[in-house]
1. In the range 230-270, which residues are touching a residue at least 60 places away in the same chain (Cβ under 8 Å), within 26 Å of Phe211 (Cα to Cα) and more than 10 Å from ligand 1 (Cβ to nearest atom)?
2. Is it true that Leu99 is closer than 21 Å to Ser183 by Cβ and either assigned to a helix (DSSP H, G or I) or free of Cβ contacts under 8 Å to residues at least 40 places away in the same chain (or both)?
3. Picking from Glu277, Glu285, which residue would you name as being buried (at least 19 other Cβ atoms within 10 Å of the Cβ) and either within 16 Å of ligand 2 (Cβ to nearest atom) or over 30 Å from Gly54 (Cβ atoms) (or both)?
4. For residues that are more than 23 Å from the chain's Cα centre (by Cα) and in contact (Cβ under 8 Å) with a residue 12 or more places away in the chain, scanning just the range 152-175, find the one that is nearest to Gln43 (Cα to Cα).
5. Tally the residues that are within 23 Å of the chain's Cα centre (by Cα) and in a strand (DSSP E or B), restricting the search to the range 264-301.
6. If you go through the range 126-151, how many residues are in contact (Cβ under 8 Å) with a residue 24 or more places away in the chain, out of contact with any Pro (no Cβ under 9 Å at 6 or more places or on another chain) and in a loop (DSSP other than H, G, I, E, B)?
7. Here are some residues: Val337, Val314. Which one is more than 21 Å from Val29 (Cβ to Cβ) and either touching a helix residue (DSSP H, G or I) at 6+ places or on another chain (Cβ under 7 Å) or in a strand (DSSP E or B) (or both)?
8. State whether one or more residues within the range 40-53 are more than 16 Å from ligand 1 (Cβ to nearest atom), under 30 Å from His339 (Cα atoms) and assigned to a loop (DSSP other than H, G, I, E, B).
Amino acid sequence: MRATTALKLRKRLIRRSAQEYSQAIRRTVQLLFLALNVWIGVQFYLFVRYYESGGTTLYASRPPGVEGWLPIASLMNLKVLLLTGVVPRIHPAGMFLLLAFIGVSFLLRKAFCGWLCPVGTISEYLWKLGRSTFRRNWMMPRWADITLRSLKYILLGLFLYAVVTMPVNAIDAFLGGPYGVISDVKMLNFFRTLTLAGGLVVAALVLLSVFYQNFWCRYLCPYGALMGMIARFSPARIRREPEPCIDCGKCAKACPSHLAVDRLVTITSVECIGCMECVAVCPAEGALALSVPRRKRLPAWAMAAAIAALFLGVTGYARVAGYWHTHIPPDVYMRLVPHADEFSHP
Ligand code: SF4
Ligand code: SF4
């Protein structure tokens with residue numbers, strides 16, 4: 001008994017001395033990526049307005065990054081690339097963004113969700129707002145949590161089934177047809193002209209995100225589900241060293257994915273978003289880190305640099321190789337954009 005107490009006392013004395021910057025670095029990356037998406041959104045809105053007004057409003061070129069919001073078209077294009085070796089001509093930027101995010105998730109856990117995704121960032125600010133307002137966030141009962149978590153896999157399964165069973169020539173015809181060409185405009189219009197039902201669903205999701213941590217991401221996002229499945233094979237993972245760990249439980253309490261960081265040695269869960277919140281709160285020197293093979297520790301700045309390198313590397317390649325832009329003549333947009341609502345899913 002005395003020996004155990006002595007050991008615990010000795011462990012408590014090994015406090016972390018270095019300053020912790022992981023969350024400041026992560027928040028900076030998140031806000032930069034959110035700002036990039038707002039910029040893309042504004043530019044795309046101006047582009048659409050120009051064609052809707054028959055060319056009388058301010059012109060802005062179409063930002064290819066908007067295709068990052070077309071995940072199904074990106075999956076279709078990826079299938080075409082894998083089967084034919086040819087880079088598709090409609091919405092190729094979305095496919096390259098998907099490849100960059102797959103690369104991030106494979107190498108750095110589900111860091112796309114924890115470091116880049118604008119929806120994840122907004123979601124995080126919402127639950128933090130809820131926590132500061134009500135001094136807590138709520139948790140689903142275990143049975144409900146497990147049941148709800150399966151929803152995102154069901155949605156992902158449906159999308160994958162649709163893409164996998166669609167022949168390459170059908171994908172070509174779909175993306176090259178009027179609906180496929182202006183699917184980005186239709187997506188913008190969906191949010192611009194929300195129906196009452198759509199508005200209620202968005203409001204409910206916002207409200208639930210205030211009470212429950214990452215409600216949308218944890219239960220409903222098929223993109224996050226795909227990233228999580230890829231991250232399952234990631235060499236990077238949170239690793240706890242039982243020797244210096246003082247079993248304070250702070251890491252588990254801080255984890256927005258509700259993982260038992262304080263009881264496991266390595267975190268390989270598909271729900272780990274690589275946010276390093278657990279690492280940030282750990283008081284014990286050397287007890288917890290994001291590690292790569294051979295127990296090499298990955299500091300937050302290296303994580304941010306690797307994410308930036310992957311993102312800029314893949315998108316930069318697409319630009320230099322001439323694959324970044326969808327080349328649609330202006331007269332086609334002039335014809336299709338004002339009548340976007342008339343085209344329905346074939
Ligand atoms: S285990 Fe750590 S890195 Fe993973 S989600 Fe939880 S807090 Fe974030
Ligand atoms: S925060 Fe977690 S890893 Fe760090 S000392 Fe406490 S229980 Fe151990």
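1. Correct list: Val270 only.
2. Details: closer than 21 Å to Ser183 by Cβ: yes; either assigned to a helix (DSSP H, G or I) or free of Cβ contacts under 8 Å to residues at least 40 places away in the same chain (or both): yes.
Judged against the criteria, Leu99 is a match.
3. On the way: Glu285 fails: buried (at least 19 other Cβ atoms within 10 Å of the Cβ).
Sole residue among the options that is buried (at least 19 other Cβ atoms within 10 Å of the Cβ) and either within 16 Å of ligand 2 (Cβ to nearest atom) or over 30 Å from Gly54 (Cβ atoms) (or both): Glu277.
4. Within the range 152-175, the subset more than 23 Å from the chain's Cα centre (by Cα) is 165-175.
Then keep just the ones that are in contact (Cβ under 8 Å) with a residue 12 or more places away in the chain; that gives 166, 168, 171-172, 174-175.
On the way: Met166: 32, Val168: 32, Ile171: 28, Asp172: 27, Phe174: 26, Leu175: 22 Å.
Of everything passing the filter in the range 152-175, Leu175 is nearest to Gln43 (Cα to Cα).
5. Residues flagged as within 23 Å of the chain's Cα centre (by Cα) and in a strand (DSSP E or B) within the range 264-301 amount to 6.
6. Residues meeting the conditions: 2.
7. Numbers: Val314 fails: more than 21 Å from Val29 (Cβ to Cβ).
Answer to the check: Val337.
8. Filtering the range 40-53 for residues more than 16 Å from ligand 1 (Cβ to nearest atom) gives 40-53.
Restricting the remaining residues to those that are under 30 Å from His339 (Cα atoms) gives 40-53.
Still in the running and assigned to a loop (DSSP other than H, G, I, E, B): 53.
Yes; the residues of the range 40-53 include at least one that is more than 16 Å from ligand 1 (Cβ to nearest atom), under 30 Å from His339 (Cα atoms) and assigned to a loop (DSSP other than H, G, I, E, B).
Each value in this text was obtained by applying a stated rule to the coordinates, not by laboratory testing. Remember, predicted model here, so these are calculated numbers, not experimental data. So basically every Cβ, Gly included, is an ideal-geometry build from the backbone, and we count neighbours across all protein chains shown.
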